[in-house]
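Heads up: the structure comes next, in structure tokens.
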Amino acid sequence: MAMTRTGTVSPALTIIGKDLDAGATFNADTTPAVGVLKAGTLMKYTAASKTLDKAVVGTDTIFGILADDIDTGAAGTTEIQPVMIYRRGTFLRQEIESANNVAITPGSAVDIALGDLGIFLELSYEGYVGLNPVPAGVQPMGLSEEEQAEVDALVQSASEPNPARTTGPTTEPPQ
């Protein structure tokens, strides 16, 4: 007699970066009746209720990244759902931005804060320059004026022709 196992298998996660470095998992319950949360959603932890909820980027203290999609139910639902988050690792920037409907500019305050937590975002799609098309209601997290000036200076210097090399070994053989 053949033995088979039935169950639900989650799809391969696309939020983890190319180094496959994600870890320090944490499990807790979510608040019911907040709808569908996508894998990659930035989550906050409330110690008093011991629950994980979607973080408001730029306002809440981020605790981790939701590991898988979860449907917490429609309004009126009371069933509590357990979820797992990653507390550190390397993730695809575009997937995290899409899940949170927020543009996290490399080097921005949010990007640095995530890095301080051990959460790093990488650009893995060739030609990716941000959410495109930009979803309605997206909240851009632009650079400060000082950071933008630094970027502009780097772009300007990169576009200037290289001066002739004046140091280093000569290409002529010794006479």
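Okay, residues lined up against (1) in contact (Cβ under 8 Å) with a residue 24 or more places away in the chain; (2) farther than 20 Å from GLN81 by Cα; (3) among the β-branched types (Val, Ile, Thr):
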position: LYS18; (1), (2), (3): yes, yes, no
position: ASP21; (1), (2), (3): yes, yes, no
position: THR25; (1), (2), (3): yes, no, yes
position: THR31; (1), (2), (3): yes, no, yes
position: GLY35; (1), (2), (3): yes, no, no
position: ALA39; (1), (2), (3): yes, no, no
position: TYR45; (1), (2), (3): no, no, no
position: ALA48; (1), (2), (3): no, no, no
position: LEU52; (1), (2), (3): yes, no, no
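Can you pull out the helices (runs of 4 or more DSSP H) entirely within the stretch 55-172 that have at least 1 residues that are at pLDDT 90 or above and out of contact with any helix residue (DSSP H, G or I) (no Cβ under 9 Å at 6 or more places or on another chain)? Explain how you work it out, then say what you get.
Values: elements: 93-100, 109-117, 145-159.
Those helices (runs of 4 or more DSSP H) span 93-100, 109-117.
For the stretch 40-53, the set of residues classified as touching a helix residue (DSSP H, G or I) at 6+ places or on another chain (Cβ under 8 Å) and of a type outside the set (A, V, I, L, M) consists of GLY40, THR41, listed by residue number.
Residues that are surrounded by fewer than 16 Cβ atoms within 10 Å (Cβ to Cβ) and small (Gly, Ala, Ser) within the stretch 43-92 comprise ALA47, ALA48, SER49, GLY58, ALA74, ALA75, GLY76, listed in sequence order.
The values are calculated or read from the model by the stated rules, or taken from the named source; none is laboratory data. Here the structure is a predicted model, which means the values were calculated and not measured. No Cβ is skipped: glycine too gets one built from the backbone with ideal geometry, and neighbour counts run over all protein chains shown.
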